[in-house]
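Here the structure is laid out as structure tokens; the discussion comes afterwards.
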Amino acid sequence: MSHITFANPNLLYLLLIIVPVVIWYVLNHKRTHASIQVSTIKGFGKNHFTYKHILRHVVFGFRVIAIALIIVAIARPQSTLSWKDEESEGIDIVLALDISSSMLARDFSPDRMEAAKDLAIQFISGRRNDRIGLVVFSGESFTQCPLTTDHAVLINLFRDIKSGMIEDGTAIGMGLATSVSRLKDSDAKSKVIILLTDGVNNQGAIAPATAAELAQTFGIRVYTIGVGSEGTAPYPITTPFGTQIRNVPVEIDEETLQEIAEYTGGEYFRATNNDKLKQIYEQIDKLEKSKIEVKEFSQKDEEFLSFVLIAALLLLTDMVLRNTLLKQIP
């Protein structure tokens with residue numbers, strides 16, 4: 001619902017000048033009326049007050065109201081629906097993405113990394129009311145984007161991700177712990193981490209089990225996704241004769257990923273191709289939702305013109321009356 005605000009609210013203090021103006025008018029009105037003593041008023045008509053007496057006071061009221069309206073107009077009244085706090089259904093989600101060199105394997109199209117990014121972007125685009133953050137990890141981890149509802153910025157940061165940004169390796173525990181740190185202070189009723197990896201924890205100062213305990217302590221559910229085909233996967237290897245594609249064994253620590261998911265009340269998924277990964281994101285998309293506060297705003301509209309027009313009409317009426325019905329003989 002629209003309401004009135006003022007661009008220059010301090011100018012409304014000028015309305016206080018109306019008080020001394022009214023006092024001056026009352027005192028001056030008394031001084032301009034002489035009095036005489038008479039023995040009797042029988043010779044005077046009973047209705048010695050005419051409409052002109054009343055009209056003079058009405059005209060003064062017009063002037064006072066006109067002054068007040070002009071002051072209000074100068075303060076720039078604006079009607080707006082802006083900065084309306086609304087509750088919207090949503091959850092807080094952190095996407096933890098493995099960006100180790102093994103994510104360049106081509107058992108997904110065009111490879112695991114790009115497939116994971118593309119489907120994550122689709123997932124983000126469908127969660128308009130959610131606050132979503134991004135954590136990347138390989139040999140270590142860092143926050144690429146904190147929780148935000150500005151999904152355009154998040155998607156751009158997602159597109160900039162590439163293997164080799166940080167030390168190679170697979171630090172699942174570190175990636176999970178960093179994600180927990182982004183969610184631990186969240187007030188959302190539902191806090192979720194979606195952790196995607198294609199390897200086995202082999203680096204990092206924090207063990208996956210320890211990070212899972214932290215997540216459970218803060219009421220965070222972790223959904224883990226193991227990415228990779230069964231058996232072997234084609235992987236680009238640089239040789240003196242150029243890049244060659246060779247089949248390498250697929251090693252995913254599914255047991256650890258299952259334990260993390262079960263301990264935190266989440267679920268483990270295995271994605272062996274693009275379609276399966278898409279189905280997993282669609283399944284996660286059906287998670288329960290909680291309420292978050294979202295600020296919405298719209299453009300403000302200037303409303304001073306109506307105040308100016310009314311003030312002008314009152315002053316015009318005042319001028320007409322003073323030069324017609326209330327015109328005094330010099």
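Just to verify a result, which residue in region 271-287, among those that are among the acidic types (D, E) and part of a helix (DSSP H, G or I), is farthest from T224 (Cα to Cα)?
Here is the first cut: in region 271-287, the residues among the acidic types (D, E) are 275, 282, 285.
From the residues that got through so far, the ones that are part of a helix (DSSP H, G or I) too are 275, 282.
Details: D275: 17, E282: 14 Å.
Restricting to residues being among the acidic types (D, E) and part of a helix (DSSP H, G or I), the top hit is D275.
Kindly state which strands (runs of 3 or more DSSP E) lie completely within region 62-140 and contain at least 2 residues that are modelled with pLDDT of 95 or more and either closer than 26 Å to H151 by Cα or assigned by TED's automatic domain parsing to the domain that holds L305 (or both). Full working, then the answer.
Values: elements: 77-80, 84-90, 92-98, 131-137.
Correct list: 92-98, 131-137.
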Looking only at region 210-246, which residues are in contact with a helix residue (DSSP H, G or I) (Cβ under 7 Å, 6 or more places away or on another chain) and farther than 20 Å from S101 by Cα? T210, A211, A212, L214, A215, Q216, F218, I220, R221, V222, Y223
Could you list all residues from region 149-199 that are assigned to a strand (DSSP E or B) and among the basic types (K, R)? K191
Apart from one, (1) crowded, with 19+ Cβ neighbours inside 10 Å; (2) out of contact with any Phe, Trp or Tyr (no Cβ under 6 Å at 6 or more places or on another chain); (3) touching a residue at least 40 places away in the same chain (Cβ under 8 Å) all hold for L154; the odd one out is (3)
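The values are calculated or read from the model by the stated rules, or taken from the named source; none is laboratory data. Predicted model, so just to flag it, every value in this text is computed and none were measured. No Cβ is skipped: glycine too gets one built from the backbone with ideal geometry, and neighbour counts run over all protein chains shown.
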